[in-house]
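This report refers to the structure that appears directly beneath it.
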Amino acid sequence: MGGLAERQIAEAIEALTTRDSERAWRVINADATIDNLQHAIEERAVETIARRQPVAVDLRQVIGILRISNELERIGDLAKNIGKRIIAINGEDMPRRSLRGVSHMANLMLAQLRDVLDSFARRDAAKAVDVWTRDEDVDRLYTSLFRELIVYMMENPVTLSFGIHLLFCTKNLERMGDHATNIAETVYYMVNGQSLLRERPKADATSMLTGAMV
């Protein structure tokens, strides 16, 4: 599921930067495979709990895997949403600077996802905490892109439709980062048997920006 989610995100961003509707449709259609895997994992987990009645560490592993599969399914949904936005944009011209920013944000998010999946495979709690901390970087870039796109739309009202779609694409990437952070918390729980007690780092200031611009 993790590998499929990574590929879906990469394909969505490539489709966005090239305005490739055919590729966007492939991203949308690929989501069904991730959904099917999530359902299969859920059924297997329920069967394992019912038949083997795992306790302690084993039960924690099953619960953790259930949580992670749910987070990956949501990441797939968000990639599919980006695909839908690309089709709605329908070839409209886009500011290159904003597209570069979106691509950079996607690369940060993909690095988060790769690292957190590696932390799961290795049961590496320290690496999971590193991913958890780095979510601030994605949030800061999202805030910067949000501000830039709002200003761009105010100065160029004819770009309003495109700008709104691109805003939703960046929000979807920011939410993907949140799901990767959730996976990091789950890995920490699986390894240590307790939740992270620190406050989750957040640097998304878009709500304040919206208030200031109204």
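Being assigned to a helix (DSSP H, G or I), modelled with pLDDT under 95 and closer than 29 Å to Asp35 by Cβ is the requirement here; does Asp135 meet it?
Considered against the rule, which asks whether it is assigned to a helix (DSSP H, G or I), modelled with pLDDT under 95 and closer than 29 Å to Asp35 by Cβ, Asp135 comes out as yes.
Could you go through region 44-63 and let me know if any residue there is part of a helix (DSSP H, G or I) and on the phi > 0 side of the Ramachandran plot.
Yes, region 44-63 contains a residue that is part of a helix (DSSP H, G or I) and on the phi > 0 side of the Ramachandran plot.
Would you please name the residue that is least open to solvent (accessible area, probe 1.4 Å), looking only at residues in region 23-59 that are polar (S, T, N, Q) and under 21 Å from the mean Cα position of the chain (by Cα)?
That would be Gln38.
Being without any contact (Cβ under 8 Å) to a residue 24 or more places away in the chain and among the basic types (Lys, Arg) is the filter; apply it to region 82-126 and report the residue that is farthest from Leu149 (Cα to Cα).
Checked region 82-126; the qualifying residue farthest from Leu149 (Cα to Cα) is Arg122.
Quick one: Gly193 ticks every box in (1) surrounded by 15 or more Cβ atoms within 10 Å (Cβ to Cβ); (2) touching a residue at least 12 places away in the same chain (Cβ under 8 Å) except a single one, so which number is it?
Condition (1) is where Gly193 drops out.
Look at Phe146 and say whether it is buried (at least 16 other Cβ atoms within 10 Å of the Cβ) and closer than 24 Å to Gly3 by Cα.
Details: buried (at least 16 other Cβ atoms within 10 Å of the Cβ): yes; closer than 24 Å to Gly3 by Cα: no.
When the stated conditions are applied, Phe146 does not pass them.
Within region 125-135, restricting attention to residues that are open to solvent by 50 Å² or more (accessible area, probe 1.4 Å) and among the charged types (D, E, K, R), which residue is farthest from Val62 (Cα to Cα)?
Quick first cut of region 125-135, residues open to solvent by 50 Å² or more (accessible area, probe 1.4 Å) only: 126-127, 130, 133-134.
With the extra rule that they be among the charged types (D, E, K, R), the set shrinks to 127, 130, 134.
Numbers: Lys127: 21, Asp130: 23, Arg134: 26 Å.
Once the filter is applied, the top-ranked residue is Arg134.
Can you name the residue in region 89-119 that is part of a helix (DSSP H, G or I) and open to solvent by 50 Å² or more (accessible area, probe 1.4 Å) and is also modelled with the highest pLDDT among such residues?
Across region 89-119, the extreme among qualifying residues is Arg114.
Among the residues of region 5-22 satisfying the criterion of being part of a helix (DSSP H, G or I) and more than 20 Å from Met109 (Cα to Cα), which is most open to solvent (accessible area, probe 1.4 Å)?
Glu22
Please go through region 155-175 and pick out each residue that is of a type in the set (Gly, Ala, Ser) and either over 25 Å from Asp137 (Cβ atoms) or open to solvent by 70 Å² or more (accessible area, probe 1.4 Å) (or both).
The answer is Ser161, and nothing else.
The values are calculated or read from the model by the stated rules, or taken from the named source; none is laboratory data. The shown structure was predicted, so the numbers you read here are calculated from the model rather than taken from an experiment. Positions of Cβ are generated from backbone atoms using ideal geometry, with glycine treated the same way; all protein chains shown enter the neighbour counts. Each accessible area value is taken on the protein alone, full model and side chains, heavy atoms only, with ligands, DNA and RNA left out. Shrake-Rupley method; radii C 1.70, N 1.55, O 1.52, S 1.80 Å.
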